[in-house]
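Encoded as C-alpha cells, the structure appears first; notes follow it.
The values are calculated or read from the model by the stated rules, or taken from the named source; none is laboratory data. What you see is a predicted model; the values in this text were computed from it and never measured. Counting neighbours? That spans all protein chains shown, and the Cβs are built from the backbone with ideal geometry, glycine included.
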Amino acid sequence: MKFFDVEYRRGGHKKHTIVEADNRLDAMKKFQHLELGVAVKYKEIAEPLSLKIQKLQEKYNSPIKNKRANIENYVALLRQLAVMLDAGMPINICLDEVVQATEDTMLVAIMKSIRDDIEGGQSFTESVRPFSQQLGNLSISMIYLGEQTGALSESIHKLSEILQTIHDNRVKLKKATRYPMMTIMAMVIAFSVVITFVVPQFKDIFESSSAELPFPTRLLLWIEHAMTYYGPYIIVAAAIMLGIYLYIYNRNEKVALLSDKILLKIYIVGQVTHYAMMGRFVYIFNVLIHAGIPIVDALKAAVGVVQNRYMKQQFGLIIESIEEGKSLHEGFEESGMFERMILQMLKAGEDSGALNTMLEKITNYYNAKYDNIIDNVSSMIEPILIAAIAGFVLVLALGIFLPMWSMADAMGM
C-alpha cells in the first residue's frame with residue numbers, strides 16, 4: 001500500500017487529506033468517493049506517523065490478536081457448530097448461535113467477521129482463510145474438505161477431535177512436568193535464601209580468619225557478593241539477552257533452525273518434542289488423506305501444525321519429493337526423520353493398498369512412545385534432581401564447615 005497527500009479545494013479554501021491506495025489511479029478513485037472537493041494535486045508520501053500510531057492503537061484495542069485462539073474454547077465452539085450444521089441449520093445462523101454461546105472475545109470477533117463475509121457472498125473457506133494464524137491452517141483444510149465433499153458438519157467434528165487430541169497431549173506433558181518443575185523452583189528458592197541470609201552471617205568470621213579459605217567457601221562468598229551487589233543487574237541483563245535471542249529467533253530462519261535442532265538433542269526435552277511432533281504429523285496426515293484430501297495438500301496441512309522449525313523443514317522435503325514424482329515412502333526416507341521400521345511399514349502399506357492402516361499403526365507407535373516418556377518423566381528426571389540437591393547440600397556444608405574446622409584446629413580445640 002502507498003500513501004498520497006491529496007491537495008483539494010473546497011469552498012474556496014485549499015485543504016489536504018491522506019489517501020491510502022495501491023497506485024495514483026486508485027488514489028484518485030478513492031478520493032472521488034470521499035466527495036470532499038476538487039482535487040488539485042496528488043503527492044506520494046511515506047506513511048504518516050499519525051497513521052502508524054492509529055494502526056498500533058487499533059491493533060492493540062482489537063480483540064483479534066496475533067496468536068492462536070484458546071484451543072479449549074475453540075474445540076467447544078466447533079462441536080456446537082458441527083451439531084447445528086448436522087441438524088440442517090444455515091451456516092450464518094449457526095455462527096450467530098456459537099457467537100452467543102462463547103465468552104472468548106477473540107473467537108466472538110472472528111466468528112462475526114466470518115459470518116459477515118459469508119453473508120457478503122464468500123465461501124466458508126475464504127472467510128476463514130484470513131484467520132489462519134489464530135485458527136491454524138488445519139482448520140482451513142478441514143473446512144475446505146467439508147465444503148468440497150458436502151459433509152461440512154462431519155469435517156468440523158473431525159477437526160474438533162484432532163484439536164482435542166493435540167490439547168490432551170499438551171495437558172499430559174504439563175501434568176508430567178509439574179512435580180519436577182516444583183522441585184526445581186523449591187531448590188532455587190532455598191539456595192537463594194541460604195545465599196542471601198545464611199552465608200552473610202558467617203562472612204565476617206571467615207574474612208577475619210587469617211587462614212586461606214577453601215574453594216567451596218570462596219565460591220559461596222563469591223555468589224553471595226554477586227547476588228548482593230549485582231543481582232538486579234544480572235536479572236536485567238539476562239532478561240535483555242533473552243529478549244534479544246527471542247527477537248533473533250523469530251526473525252532469523254537460520255538461528256531458529258539451529259535452535260530447534262539443538263532442542264531435539266536435549267535430554268528428555270528432545271525426546272518429548274520429537275515423539276509429540278512425529279505423532280501429530282502422522283496422525284493429521286492420515287486423517288486428511290483418509291477424508292479424501294490430496295496427498296500434497298494433506299502433507300502441507302500436517303506440516304503446518306508442527307511447531308519445531310527444524311522438523312517442519314525436514315517434513316517439507318517429503319512434499320518436494322512427492323511433487324518430483326517419487327513415492328510416499330521415498331519422501332519420508334529423504335526427510336531423515338523416520339527410522340527404518342517405519343519406512344518399511346509405509347512401503348508395505350503403499351504396495352498393498354493399505355496405507356491408511358499402516359499410518360494408523362505408525363501413529364499408535366509414536367503415541368505409545370510419547371505416552372511412555374510422559375509416564376516416566378518423573379523417574380527419568382529424579383536422578384538429576386537428586387544429584388543437584390546432593391551437590392547443593394555438599395557445597396553448602398563444605399563451604400561453611402571446612403573453615404570452621406580449620407579455625408578449630410588452629411585454636412587447638
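Number of residues in the range 33-71 that are modelled with pLDDT of 80 or more and either in contact with a helix residue (DSSP H, G or I) (Cβ under 8 Å, 6 or more places away or on another chain) or under 26 Å from residue 112 (Cα atoms) (or both): the value is 8. Within the range 277-295, the set of residues being part of a helix (DSSP H, G or I), over 25 Å from the mean Cα position of the chain (by Cα) and either under 11 Å from residue 158 (Cβ atoms) or not aliphatic (A, V, I, L, M) (or both) comprises 290 only. The listed residues are 341, 358, 337, and the only one of them that is buried (at least 16 other Cβ atoms within 10 Å of the Cβ) and part of a helix (DSSP H, G or I) turns out to be 358.
Pairing each residue of the range 28-41 that is part of a strand (DSSP E or B) with any residue that is of a type in the set (A, V, I, L, M), provided the two are 6+ apart or on different chains, yields C-beta distances under 9 Å for 39/6; 39/28; 40/6; 41/6.
Looking across the range 8-35, the residues that are touching a Lys or Arg at 6+ places or on another chain (Cβ under 8 Å) and closer than 21 Å to residue 52 by Cα come down to 19, 20, 21, 22, 23, 27. Of the helices (runs of 4 or more DSSP H) entirely within the range 100-150, those holding at least 3 residues that are crowded, with 16+ Cβ neighbours inside 10 Å and either outside the structural domain of residue 292 (by TED's automatic domain parsing) or at pLDDT 85 or above (or both) occupy 105-119, 124-128, 137-149.
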